[in-house]
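Let me begin by presenting the structure, written as structure tokens, before commenting on it.
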Amino acid sequence: MKFRAVLTDYGVNLLERRFLPALEKIGKTCHILLTPHYVILLHNVLNTVGVQAIAQFTKEAIFDDYRISSQYDDRIAFTVDLALLSRALKSSVSMDGDLLQIKLVKKRAKITDTPTPYLTIESKGFRSAVVQDVPITQPMPRREVEELQAALDMAQDLPRTLVQVPNLLQLTSLVERLKNVGEVLEVGVTQYGDLHLHVSTTLVSIGSEFRSLRVLGVRADSTSVDATLNSSERLREARDKGLASVVKVDVKQFVKSLQCHHTKPDASFCGIAPNDGCLLMMFQYFIPGTRQTDNSISLHYRLPVLLDGIT
């Protein structure tokens, strides 16, 4: 199997300054899945415990001269340490070379006859070149690549209703305060654009409500519920009428998911998967200088739902 490509300046900015720092906030490693058309970073997607994250880029979004080949339908997957990859990218950029090439190689260490795989980043200048080798796992065999692809395909199912969440930094500040009250966060999403966040213990109950948010997907009129009721009563009525979904998640995991603000999304949405399967956070990015969605970049996080306070 072979992979080689040239990182664009925009691609380096996306990875080194935005997406890798965000992924480092939720885990130490991630899978990288290379396909003929996409580069996909996947965290924890083969595990049902903890936050799952999927960042997908078209090859044109971050690379020039993209070349890949393998026996597995030209797909290559492996695991990489995020801190090492981020450090290598940052160091390579600081060399200020004319070309930043990335490729898969195998090198034989002196103490062993077994070649070790690396993701090599080479910064090429007029008179010199600096090479940095990032160790990776052995590329996954076909069966594991197919398992990873299947997990990716399953994760593409979106909730029927998504509401646009308010400013991520303000929301993070709010949830950080709620985290000091309890460990379980109740999240309610309505089809008329209300988002409810609530934490309760035997001693105290506290929460916040955001009303009339932008809705994607299935929506309902806000007059469908009695506006004179308080927040909890309105959510209960909406749920009884099939206009809302409510799940409980680990508040610490919710805080982790909000670290996506490092990727600088232009819009953020929250929704609950069918059958209350998970809480999904989806992020949109605009084409620079426009208000048009950049479909070459996508990111979403999936949080497991707690049942009676247990995952």
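Yes or no: Ser268 at pLDDT 95 or above, among the polar types (S, T, N, Q) and either surrounded by 19 or more Cβ atoms within 10 Å (Cβ to Cβ) or within 30 Å of Leu14 (Cα to Cα) (or both)? So Ser268 fits the description; yes.
Residue-wise test of (1) closer than 19 Å to Pro304 by Cα; (2) among the basic types (Lys, Arg); (3) open to solvent by less than 20 Å² (accessible area, probe 1.4 Å).
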site: Asn13; (1), (2), (3): no, no, no
site: Pro21; (1), (2), (3): no, no, no
site: Gly27; (1), (2), (3): yes, no, yes
site: Thr48; (1), (2), (3): yes, no, no
site: Lys59; (1), (2), (3): no, yes, no
site: Phe63; (1), (2), (3): no, no, yes
site: Ser69; (1), (2), (3): no, no, no
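For the range 271-311, filtering for residues that are open to solvent by less than 20 Å² (accessible area, probe 1.4 Å) and part of a helix (DSSP H, G or I) leaves 0.
Checking Leu171, Leu99, Leu185 one by one, the residue that is modelled with pLDDT of 95 or more, in contact with a strand residue (DSSP E or B) (Cβ under 9 Å, 6 or more places away or on another chain), of a type outside the set (S, T, N, Q) and on the phi < 0 side of the Ramachandran plot is Leu185 and no other. Of all the residues in the range 75-93, those that are crowded, with 16+ Cβ neighbours inside 10 Å and charged (D, E, K, R) number 2.
Residues of the range 138-156 being surrounded by 17 or more Cβ atoms within 10 Å (Cβ to Cβ), assigned to a helix (DSSP H, G or I) and of a type in the set (Gly, Ala, Ser), which ones? Within the range 138-156, just Ala151 meets the criteria. If we keep just the residues of the range 211-249 that are open to solvent by 50 Å² or more (accessible area, probe 1.4 Å) and in a strand (DSSP E or B), which is farthest from Val305 (Cα to Cα)? Looking at the filtered set, the residue picked out is Gly217.
The values are calculated or read from the model by the stated rules, or taken from the named source; none is laboratory data. Not measured: the values here are computed from a predicted model. Note that each Cβ is placed from the backbone with ideal geometry, even for glycine, and that neighbours are counted across all protein chains shown. When the accessible area is computed, the model is the full protein with side chains, heavy atoms only, and any ligands, DNA or RNA have been set aside. Shrake-Rupley method; radii C 1.70, N 1.55, O 1.52, S 1.80 Å.
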